[in-house]
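So the structure is just underneath, and the comments pick up after that.
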Amino acid sequence: MKVLVIGGQSQLAQSLKARLIVDDGRLFAPAYQDNAPTYAINDNAIEFVFTNKAQLDITHAYNVQAAINDIKPHIIINCAALTDVEQAEQIDKQSDVFAVNADGVQTLSQQCKRNDILLIYLSTDYVFDGNTSRPYLSDDPCQPLNQYGLSKRQGELNAINSGCRYVVIRTSWLFSEFGQNFVKSMLRLGGFYHANALAKPLNIVNDQRGNPTYAGHLADALIAVVQKNARQSVPSAVYHFSDTVVSPAFLQQQQQQQQHKADLQTQSSSECEYMDVSWFEFAQSIFQFAEIERNSFIPPALTAVSTIDYVKAVGQQAKRPKYSSLNCDSFYETFGVVATDWRVGLKKVIKACAAEAKTG
């Protein structure tokens, strides 16, 4: 089986690549043999091929068709996206945003239908308006508040309505060791990369709540989807995957339910503990772990501010949902994975950034 990953420079694609087996310059994920994972590189192996924008631009239909004819993938994972929420509000940028996030998905979907390829499309919690008090289900109504969310929702609909086999995975507040994200921005603004730096105080929004998600955990989830599809065809559906704060008791409960499939099938969403945080609380955790990682680091003073005050101060244009926690039960049940704790990923990212600072 061969998997084509588009948008190879994205933080998710790079996190995925870091989890694969390298064999003679090629990248593989463990396949399954006799219902058990095997690392043998044989006819059952799952090979991943990564392309960047220069190699494959999904806004050009000819490029997409040529790449599919050349690589002959069984699955396409689309990590290509324009994700700058503020830039997407600019009139002169909106056509580019929709060309990649929506029209490009339409092109991929058409080719996937024509060639019987499973399309995995990564989407966002920003398809929701935040006017709820419980984690969003995958079939809840979508009401994007900004152009980025609108473009991603249109991309979802393009995949769903195309007639191709698809898996749409919405995620939230993605961070990793790669690229640009909230964690790395906080560390940069907080002076983490410079010895003895004394950073200015930071104002962080405290009335928007959601779930940070480590891209490495999402990469593991993608591998689980691919592995299941190698064993049996995955049903087309929209899923949610995000990290949470996992208590030991809850993790043990999930693991027990994985061992007793009948119990898992009857598990209700109310039994799952989705612990959301604000951006301010997320920033607090970032600097707490950063101080532990490097004793000499002096974290900046943090001030919790409302969205209204923050918008007034920085001139932010894009509206954002006040609450966007995602209910991931259907993903856990379908693909046999358990909830993951974003704090585990955060520690890994900060450790990697500390090593980067030493060598930089």
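The values are calculated or read from the model by the stated rules, or taken from the named source; none is laboratory data. All values reported here derive from a predicted model rather than from experimental measurement. Cβ coordinates were reconstructed from backbone atoms using ideal geometry, including for glycine residues, and neighbour counts include every protein chain displayed.
The single condition among (1) touching a Gly at 6+ places or on another chain (Cβ under 6 Å); (2) assigned to a strand (DSSP E or B) that ILE120 does not meet is (1). One residue stands out among those in the stretch 157-177 that are touching a residue at least 60 places away in the same chain (Cβ under 8 Å), assigned to a loop (DSSP other than H, G, I, E, B) and not hydrophobic (A, V, I, L, M, F, W, C): the one that is farthest from VAL234 (Cα to Cα), which is GLU177. Count of the stretch 336-352 residues, restricted to those that are in a helix (DSSP H, G or I) and either surrounded by fewer than 21 Cβ atoms within 10 Å (Cβ to Cβ) or modelled with pLDDT under 90 (or both), is 6. Looking across the stretch 219-243 at every residue that is over 12 Å from VAL167 (Cβ atoms) and among the polar types (S, T, N, Q), the one that is modelled with the highest pLDDT is identified as SER242.
Looking across the stretch 12-28, the residues that are touching a residue at least 12 places away in the same chain (Cβ under 8 Å) and outside any helix (DSSP H, G or I) come down to ALA18, ARG19, LEU20, ILE21, ASP23, ARG26, LEU27, PHE28. Please find, within the stretch 127-146, the residue that is surrounded by the most Cβ atoms within 10 Å (Cβ to Cβ) out of those that are over 9 Å from ASN327 (Cβ atoms) and of a type in the set (A, V, I, L, M). Ranking the candidates gives VAL127 first.
Quick one: how many residues across the stretch 66-91 are among the polar types (S, T, N, Q), at pLDDT below 95 and either within 12 Å of ASN101 (Cα to Cα) or in contact with a Lys or Arg (Cβ under 9 Å, 6 or more places away or on another chain) (or both)? Residues that pass the stated criteria total 2. Taking (1) assigned to a helix (DSSP H, G or I); (2) basic (Lys, Arg); (3) at pLDDT below 95 in turn, ARG114 satisfies each apart from (3).
Take the conditions crowded, with 24+ Cβ neighbours inside 10 Å, among the hydroxyl-bearing types (Ser, Thr, Tyr) and within 26 Å of ASP276 (Cα to Cα) and apply them to THR124. Does it pass?
yes
Exactly one residue out of GLN154, GLN180, GLN143 is part of a helix (DSSP H, G or I) and not small (Gly, Ala, Ser): that is GLN154. Scanning the stretch 83-105 for residues that are farther than 17 Å from LEU145 by Cβ and hydrophobic (A, V, I, L, M, F, W, C) yields ILE91, ALA99, VAL100, VAL105. Scanning the stretch 108-121 for residues that are crowded, with 22+ Cβ neighbours inside 10 Å and farther than 21 Å from LEU222 by Cβ yields a total of 0. Provide a single number: the residues in the stretch 310-325 that are at pLDDT below 95 and either assigned to a strand (DSSP E or B) or surrounded by fewer than 17 Cβ atoms within 10 Å (Cβ to Cβ) (or both). Final tally of qualifying residues: 7.
Looking only at residues that are in a helix (DSSP H, G or I) and in contact (Cβ under 8 Å) with a residue 60 or more places away in the chain in the stretch 59-95, which one is farthest from ALA221 (Cα to Cα)? It would help to see each step written out before you state the result.
Taking the stretch 59-95 first, the residues in a helix (DSSP H, G or I) are 61-71, 87-89, 91-95.
Going one step further and asking which of them are in contact (Cβ under 8 Å) with a residue 60 or more places away in the chain, we end up with 67-68, 71, 88-89.
Details: ALA67: 25, ILE68: 24, ILE71: 23, ALA88: 28, GLU89: 31 Å.
Selected residue: GLU89.
Results for (1) touching a residue at least 24 places away in the same chain (Cβ under 8 Å); (2) out of contact with any Phe, Trp or Tyr (no Cβ under 8 Å at 6 or more places or on another chain); (3) of a type in the set (Phe, Trp, Tyr), shown as yes or no for each residue.
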| site | (1), (2), (3) |
| --- | --- |
| THR307 | yes, yes, no |
| LYS312 | no, yes, no |
| GLY315 | no, yes, no |
| LYS319 | yes, yes, no |
| THR334 | yes, no, no |
| ASP341 | yes, yes, no |
| LYS347 | yes, no, no |
| ALA352 | yes, yes, no |
